[in-house]
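Asks: First, the structure itself, so that you have it in front of you.
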Amino acid sequence: MSDAVSADVAALLEQLASTDAERRADAAEKLSRAGEAAATAATQLVRACGDADERVREWAVAALEDLGPPPSDAIAPLAKLVAAPDPLVAYWATTLLGRSGQDAATAVAALVACLDSQAEISVRQRAAWALGQIGPAAKSACGSLQQAAGQGDERLARLANEAIEAIGP
C-alpha cells in the first residue's frame with residue numbers, strides 16, 4: 001500500500017471516530033470504496049457495525065463485504081469482538097477471522113466460546129464456518145462443533161459438519 005493510501009485510510013479512521021454521525025458515515029462510505037486498501041481499518045469498521053447511526057452501519061458493512069482477510073495484527077482485537085453484544089459486530093468479527101484462515105488460529109478459543117454461547121444463530125453459524133476455515137489448527141473445537149451439529153438448526157449442523165471435515169482427524 002502506498003504512503004498516500006495509508007495516509008488517506010488513517011485520516012478516514014480519525015473521521016470514523018468522530019462524534020458527528022455525518023462525518024462517520026462519510027468516512028465509512030469512503031472506506032467502502034477503498035476496497036482491500038481499507039484492510040488496515042478492519043477492526044474499526046467492525047466496531048462501526050454497532051454504530052447508533054444506520055448509515056454508518058450500512059457503509060461499514062459495505063466496506064467489510066469487499067475487504068478480504070484483515071492484517072495479522074487485527075486478529076487479536078477481532079477475537080475480542082466475537083463476544084460483542086451487538087450481533088452485527090460479532091458476525092463481522094467472526095467473518096473476518098474466518099477469512100484469515102490458519103492465521104486466525106489464536107482466535108479458536110473465542111470462536112468456540114461463541115459457538116457454545118447463546119449468541120444469535122447467525123453468529124454461531126458464522127463461528128462454525130470460521131473454525132472450518134482455520135482448519136487443522138482448530139482441532140480443539142471438534143467437540144463443540146459436534147455438539148452444535150446436534151442442536152436442531154439445519155444450517156448450523158451443516159456448517160459444523162463441514163468444519164469438522166475441514167479440520168480433519
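The values are calculated or read from the model by the stated rules, or taken from the named source; none is laboratory data. Only a predicted model underlies this, so the values are computations on that prediction, with no experimental measurement involved. Don't worry about glycine lacking a Cβ; one is built from the backbone with ideal geometry, like all the others, and counts go over all protein chains shown. These area figures cover heavy atoms from the full protein model, side chains too; ligands, DNA and RNA do not enter into them. Shrake-Rupley method; radii C 1.70, N 1.55, O 1.52, S 1.80 Å.
Asks: Looking at (1) more than 25 Å from Glu54 (Cβ to Cβ); (2) touching a Ser or Thr at 6+ places or on another chain (Cβ under 7 Å), which is the one condition that is false for Thr106?
Replies: Thr106 satisfies every listed condition except (2).
Asks: Next question. Could you please find all residues in the range 111-169 being in contact (Cβ under 8 Å) with a residue 24 or more places away in the chain and part of a loop (DSSP other than H, G, I, E, B)?
Replies: Asp116, Ser117, Ala119, Glu120, Asp153, Gly168
Asks: Can you report the number of residues in the range 1-60 which are acidic (Asp, Glu), at pLDDT 95 or above and under 18 Å from the mean Cα position of the chain (by Cα)?
Replies: Matching residues across the range 1-60 total 2.
Asks: Now, a different point. Counting just the residues of the range 19-63 that are in contact with a helix residue (DSSP H, G or I) (Cβ under 6 Å, 6 or more places away or on another chain) and part of a loop (DSSP other than H, G, I, E, B), which one comes out least open to solvent (accessible area, probe 1.4 Å)?
Replies: First pass over the range 19-63, keeping only residues in contact with a helix residue (DSSP H, G or I) (Cβ under 6 Å, 6 or more places away or on another chain): 23-25, 27-32, 37-38, 40-46, 48-51, 53, 55-56, 59-60, 62-63.
Next cut, part of a loop (DSSP other than H, G, I, E, B) only: 49-51, 53.
Working: Cys49: 0, Gly50: 37, Asp51: 27, Asp53: 32 Å².
Looking at the filtered set, the residue picked out is Cys49.
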